[in-house]
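A short worksheet on the structure shown next.
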Amino acid sequence: MLEMLAEFEPIDIIGGLTMGADPIASAIMHRGILAGKTYDACVVRKEPKDHGRGRQVEGPDVKGKRVVVVEDTSTTGGSPLAAARALEHAGAEVVAVCVVVDRKTGADQVIEDAGYPYRAAISLDDLGL
């Protein structure tokens, strides 16, 4: 995933819709440290909290930051798009959507039609499925 992200540098923050994106963003952030990257990570809720600070995006302030949306697998593209919209609403610049597994069900086209570059580490074709 780190190699795939290189074309979108500089990147400030990695994040996506909870729960699918949480372990991916965390793993990229930690692996990035070993590669000398200073990525931060955030979590995007489906809806803003109805208590506390009422935030939809938790973690570092994303305003003015370059963010890559990540996801474990893509089917319809709905989750990454929801995350991208929430991040942009919070002031982030979403520079790409990157998923671990592309299920080859059209999510790539949906995401690219929305204006975001789309990358996948592997697809079901790579797995022989």
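Placing +1 on each Lys and Arg Cβ and -1 on each Asp and Glu Cβ, with no other charges, gives the range 22-85 a dipole about its Cα centre of roughly 240 debye. A simple spin-label model places the labels of ASP61 and MET4 3.1 nm from each other, with each point 7 Å out along Cα-to-Cβ.
Between helix 22-34 and the chain there is an angle of about 90 degrees, using the helix long axis and the longest principal axis of the Cα atoms.
Per the Debye formula on identical point scatterers at the alpha carbon atoms of the chain, with no solvent, log10 I(q)/I(0) at q = 0.11, 0.16 Å⁻¹ is -0.34, -0.72. Taking Cβ atoms as reference points and 12 Å as the exclusive limit, the residues near ASP72 contribute a net charge of -2, counting Lys and Arg as +1 and Asp and Glu as -1.
For the chain, a Gaussian network of Cα nodes joined below 10 Å ranks VAL94, VAL57, VAL110 by mean-square fluctuation, and the top entry is VAL110. Against the chain, whose longest principal axis comes from its Cα atoms, helix 78-89 is set at around 30 degrees. By the count of other C-beta atoms within 10 Å, a proxy for reagent exposure, SER79, SER123 are ordered fewest to most as SER123, SER79. Computing FRET efficiency as 1/(1 + (r/R0)^6) for GLU88 and ALA35, where r is the C-beta to C-beta distance and R0 is 22 Å, gives about 0.20. Sorting 59-70, 26-37 by average packing, meaning the other beta carbons within 10 Å per residue, from highest down gives 59-70, 26-37. Electrostatic bookkeeping for CYS42 treats Lys and Arg as +1 and Asp and Glu as -1; over the other residues with beta carbon under 11 Å from its beta carbon, the sum is -2.
Counting only Cβ charges, +1 for Lys and Arg and -1 for Asp and Glu, the dipole size of the range 56-95 around its Cα centre is about 140 debye. For ALA114, no residue has an amide H sitting under 5 Å from its own, ignoring neighbours fewer than 5 places away on the same chain, with H placed 1.01 Å from N.
Each value in this text was obtained by applying a stated rule to the coordinates, not by laboratory testing. Remember, it's a predicted structure, so these values are computed and weren't measured experimentally. As a convention, Cβ positions derive from the backbone with ideal geometry for all residues, glycine included, and neighbour counts pool all protein chains shown.
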